[in-house]
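One structure coming up, written as C-alpha coordinates, with questions to follow.
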Amino acid sequence: MEQPNVPQGHQTWQPPPGPNDQWRPPRGRRKRPGHREQQARNARLFGGKRKWVLLALAAVVPISAVGLVAWGLISPRSDTERTGDCGYYTDPTRGGWDFHRRACTDSDAVLVITSAWSTQKCATGDTDFSRSRRKNVNNPMKHLCTHLNAKVGECVNDPGNVNAHLYRIRKIPCGAGAFKVNTRVEATDPNVCNTARKQFRETKAVTHTSPAVSFCLHKI
(Lines give C-alpha, C1' and ligand atoms only; values in the text may rest on other atoms or scores of the structure.)
Protein backbone atom coordinates (compact mmCIF):
# COMPACT_ATOMS: atom_id res chain seq x y z
CA MET A 1 0.00 0.00 0.00
CA GLU A 2 1.33 3.39 -0.92
CA GLN A 3 1.91 5.85 1.90
CA PRO A 4 0.63 9.40 1.47
CA ASN A 5 3.06 12.25 1.16
CA VAL A 6 4.11 13.27 4.68
CA PRO A 7 5.78 16.63 5.41
CA GLN A 8 9.33 16.40 6.63
CA GLY A 9 9.63 16.07 10.41
CA HIS A 10 6.21 14.35 10.84
CA GLN A 11 5.58 10.72 11.59
CA THR A 12 4.68 8.51 8.63
CA TRP A 13 1.25 7.06 8.39
CA GLN A 14 0.92 3.49 9.60
CA PRO A 15 -1.98 1.22 8.67
CA PRO A 16 -4.13 0.03 11.59
CA PRO A 17 -3.12 -3.37 13.01
CA GLY A 18 -4.86 -6.37 11.58
CA PRO A 19 -6.28 -9.23 13.61
CA ASN A 20 -3.13 -11.31 13.11
CA ASP A 21 -0.68 -8.53 13.93
CA GLN A 22 1.24 -8.85 17.23
CA TRP A 23 1.00 -5.81 19.53
CA ARG A 24 4.28 -4.16 20.47
CA PRO A 25 4.70 -1.59 23.27
CA PRO A 26 5.78 1.89 22.15
CA ARG A 27 9.46 2.55 22.29
CA GLY A 28 10.60 4.50 25.34
CA ARG A 29 13.28 7.10 25.49
CA ARG A 30 16.53 5.59 24.33
CA LYS A 31 19.46 5.66 26.76
CA ARG A 32 22.48 7.58 25.63
CA PRO A 33 25.50 5.52 24.59
CA GLY A 34 27.64 4.51 27.57
CA HIS A 35 24.79 4.89 30.09
CA ARG A 36 25.36 1.55 31.79
CA GLU A 37 29.11 2.12 31.98
CA GLN A 38 28.51 5.51 33.68
CA GLN A 39 26.18 3.91 36.21
CA ALA A 40 28.83 1.34 37.07
CA ARG A 41 31.45 4.08 37.52
CA ASN A 42 29.13 6.06 39.82
CA ALA A 43 28.45 2.97 41.93
CA ARG A 44 32.15 2.35 42.36
CA LEU A 45 32.86 6.01 43.18
CA PHE A 46 30.04 6.77 45.59
CA GLY A 47 29.14 3.34 46.91
CA GLY A 48 25.44 3.83 46.23
CA LYS A 49 22.77 5.70 48.17
CA ARG A 50 23.15 3.56 51.27
CA LYS A 51 26.70 4.81 51.82
CA TRP A 52 25.53 8.44 51.72
CA VAL A 53 22.78 7.72 54.26
CA LEU A 54 25.26 6.10 56.64
CA LEU A 55 27.71 8.98 56.27
CA ALA A 56 24.95 11.50 57.00
CA LEU A 57 23.89 9.62 60.14
CA ALA A 58 27.50 9.36 61.31
CA ALA A 59 27.83 13.14 61.03
CA VAL A 60 24.51 13.98 62.71
CA VAL A 61 24.80 11.74 65.79
CA PRO A 62 27.93 13.30 67.36
CA ILE A 63 26.73 16.82 66.53
CA SER A 64 23.43 16.09 68.25
CA ALA A 65 25.26 14.76 71.31
CA VAL A 66 27.33 17.94 71.56
CA GLY A 67 24.20 20.07 71.33
CA LEU A 68 22.41 18.10 74.05
CA VAL A 69 25.37 18.41 76.41
CA ALA A 70 25.73 22.12 75.68
CA TRP A 71 22.04 22.76 76.45
CA GLY A 72 22.08 20.59 79.56
CA LEU A 73 19.62 17.99 78.29
CA ILE A 74 21.91 15.07 79.03
CA SER A 75 24.26 14.74 81.96
CA PRO A 76 27.97 15.39 81.45
CA ARG A 77 30.42 12.95 82.98
CA SER A 78 32.12 15.66 85.07
CA ASP A 79 30.15 15.57 88.31
CA THR A 80 32.92 15.43 90.92
CA GLU A 81 33.92 19.12 90.91
CA ARG A 82 34.07 20.79 94.30
CA THR A 83 34.00 24.48 95.13
CA GLY A 84 37.59 25.73 95.15
CA ASP A 85 38.86 23.12 92.67
CA CYS A 86 41.03 24.34 89.82
CA GLY A 87 41.68 22.72 86.46
CA TYR A 88 40.29 22.58 82.93
CA TYR A 89 37.72 20.74 80.82
CA THR A 90 38.15 18.56 77.74
CA ASP A 91 36.19 17.01 74.86
CA PRO A 92 32.40 17.08 75.07
CA THR A 93 32.03 14.97 71.92
CA ARG A 94 32.04 11.66 73.78
CA GLY A 95 28.80 12.33 75.66
CA GLY A 96 30.10 14.50 78.50
CA TRP A 97 32.85 16.82 79.69
CA ASP A 98 35.86 15.63 81.66
CA PHE A 99 37.19 17.87 84.44
CA HIS A 100 40.93 17.63 84.97
CA ARG A 101 41.78 18.73 88.50
CA ARG A 102 45.05 20.59 89.03
CA ALA A 103 46.63 22.64 91.80
CA CYS A 104 45.45 26.23 91.46
CA THR A 105 49.06 27.33 90.91
CA ASP A 106 49.58 24.78 88.13
CA SER A 107 50.27 26.14 84.66
CA ASP A 108 47.28 24.15 83.29
CA ALA A 109 44.75 25.36 85.89
CA VAL A 110 42.87 27.90 83.77
CA LEU A 111 39.56 27.71 85.69
CA VAL A 112 38.55 27.75 89.34
CA ILE A 113 35.20 26.35 90.54
CA THR A 114 33.47 29.08 92.53
CA SER A 115 30.24 27.12 93.09
CA ALA A 116 29.90 23.35 92.55
CA TRP A 117 26.81 21.69 91.08
CA SER A 118 23.66 22.94 92.82
CA THR A 119 20.21 24.30 92.04
CA GLN A 120 21.47 27.81 92.82
CA LYS A 121 21.94 29.80 89.61
CA CYS A 122 25.23 31.55 88.99
CA ALA A 123 25.45 35.30 89.44
CA THR A 124 24.45 37.35 86.41
CA GLY A 125 28.04 38.43 85.77
CA ASP A 126 29.28 34.84 85.84
CA THR A 127 26.96 33.19 83.33
CA ASP A 128 29.56 33.13 80.53
CA PHE A 129 31.72 30.87 82.68
CA SER A 130 28.85 28.75 84.01
CA ARG A 131 27.39 25.39 83.09
CA SER A 132 23.89 23.96 83.51
CA ARG A 133 22.49 20.44 83.25
CA ARG A 134 19.86 18.01 84.48
CA LYS A 135 20.04 14.22 84.65
CA ASN A 136 16.55 13.83 83.23
CA VAL A 137 13.34 15.79 82.81
CA ASN A 138 12.16 14.81 86.30
CA ASN A 139 15.19 16.33 88.02
CA PRO A 140 15.78 20.03 88.70
CA MET A 141 18.31 21.98 86.65
CA LYS A 142 21.71 22.23 88.35
CA HIS A 143 24.37 24.87 87.81
CA LEU A 144 28.14 25.08 88.18
CA CYS A 145 30.01 28.39 88.27
CA THR A 146 33.65 28.96 87.33
CA HIS A 147 36.04 31.89 87.03
CA LEU A 148 39.13 32.50 84.99
CA ASN A 149 42.13 31.48 87.10
CA ALA A 150 45.12 33.54 85.96
CA LYS A 151 47.61 36.05 87.23
CA VAL A 152 49.27 39.01 85.55
CA GLY A 153 51.81 37.82 82.97
CA GLU A 154 50.10 34.50 82.19
CA CYS A 155 48.55 33.78 78.78
CA VAL A 156 45.48 31.92 77.49
CA ASN A 157 44.55 30.84 73.99
CA ASP A 158 41.27 32.75 73.72
CA PRO A 159 39.24 34.28 76.57
CA GLY A 160 36.22 34.17 74.23
CA ASN A 161 35.97 30.39 74.75
CA VAL A 162 32.97 30.57 77.08
CA ASN A 163 29.56 28.93 77.54
CA ALA A 164 29.39 25.81 75.34
CA HIS A 165 33.04 26.35 74.33
CA LEU A 166 34.42 26.64 77.87
CA TYR A 167 36.17 23.28 77.44
CA ARG A 168 38.47 24.90 74.84
CA ILE A 169 40.06 27.57 77.03
CA ARG A 170 43.66 26.81 77.98
CA LYS A 171 46.70 28.45 79.47
CA ILE A 172 49.44 28.52 76.85
CA PRO A 173 52.98 29.88 76.54
CA CYS A 174 52.98 33.59 75.78
CA GLY A 175 53.66 34.12 72.08
CA ALA A 176 52.11 35.47 68.91
CA GLY A 177 48.33 35.07 68.96
CA ALA A 178 48.05 34.44 72.72
CA PHE A 179 46.08 36.70 75.09
CA LYS A 180 48.20 37.97 77.96
CA VAL A 181 46.82 39.11 81.32
CA ASN A 182 48.06 42.67 81.87
CA THR A 183 45.62 43.70 84.62
CA ARG A 184 43.80 41.94 87.43
CA VAL A 185 41.66 43.75 90.01
CA GLU A 186 39.60 42.30 92.86
CA ALA A 187 36.40 44.04 91.76
CA THR A 188 33.76 43.84 89.06
CA ASP A 189 35.12 46.53 86.75
CA PRO A 190 33.70 46.77 83.20
CA ASN A 191 36.33 49.46 82.49
CA VAL A 192 39.26 47.26 83.44
CA CYS A 193 40.72 47.55 79.92
CA ASN A 194 40.46 51.34 79.54
CA THR A 195 44.19 51.89 79.95
CA ALA A 196 45.22 48.83 77.92
CA ARG A 197 43.10 49.92 74.94
CA LYS A 198 45.40 52.89 74.48
CA GLN A 199 48.45 50.62 74.28
CA PHE A 200 47.25 47.50 72.48
CA ARG A 201 45.28 46.93 69.30
CA GLU A 202 43.10 44.09 70.66
CA THR A 203 42.00 43.70 74.27
CA LYS A 204 39.48 41.52 76.06
CA ALA A 205 37.85 42.18 79.43
CA VAL A 206 36.75 39.28 81.63
CA THR A 207 34.65 40.27 84.63
CA HIS A 208 33.21 38.10 87.38
CA THR A 209 30.65 38.93 90.05
CA SER A 210 30.78 36.35 92.83
CA PRO A 211 33.44 36.69 94.05
CA ALA A 212 34.24 39.98 92.31
CA VAL A 213 37.35 39.93 90.10
CA SER A 214 38.18 41.39 86.69
CA PHE A 215 40.89 40.76 84.13
CA CYS A 216 42.14 42.63 81.11
CA LEU A 217 43.95 40.64 78.47
CA HIS A 218 45.59 41.88 75.28
CA LYS A 219 46.50 39.92 72.19
CA ILE A 220 50.21 39.54 71.59
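The values are calculated or read from the model by the stated rules, or taken from the named source; none is laboratory data. The shown structure was predicted, so the numbers you read here are calculated from the model rather than taken from an experiment. Heads up, the Cβs are rebuilt from the backbone with ideal geometry, glycines too, and the neighbour counts pull from every protein chain shown. Accessible surface areas use protein heavy atoms only, side chains included; no ligands, DNA or RNA. Shrake-Rupley method; radii C 1.70, N 1.55, O 1.52, S 1.80 Å.
Could you work out the relative contact order of region 98-220? I mean the mean sequence separation of Cα pairs under 8 Å and 6+ apart, divided by the number of residues, in percent.
On the way: 259 pairs, mean separation 27.5, N = 123.
Relative CO of region 98-220 lands at 22 percent.
Report the FRET efficiency, 1/(1 + (r/R0)^6), for Glu202 and Lys121, where r is their Cβ-Cβ distance and R0 is 41 Å, rounded to 0.05. Don't jump to the answer; show the numbers that get you there.
On the way: r = 32 Å, r/R0 = 0.77.
Result of the calculation: an efficiency of 0.80.
Return one whole number: the accessible area per residue of region 148-212 in Å², for a 1.4 Å probe. Could the numbers behind the result be given before it?
Working: 3650 Å² over 65 residues.
With the other protein chains kept in place, region 148-212 gives 56 Å² per residue.
Another question, if that's okay. Expressed as a whole number of Å, what is the distance separating the alpha-carbon centroids of region 90-129 and region 164-206?
19
In nm, give the distance between the simple-model label positions of Asn138 and Arg101, each being 7 Å from the Cα along the Cα-to-Cβ direction.
3.1
Heavy atoms only, probe 1.4 angstrom, no DNA, RNA or ligands counted: give me Glu186, Glu154, Glu81 ranked by accessible area, highest first. Numbers along the way, then the final one.
Values: Glu186 125, Glu154 40, Glu81 10 Å².
Largest to smallest exposure gives the sequence Glu186, Glu154, Glu81.
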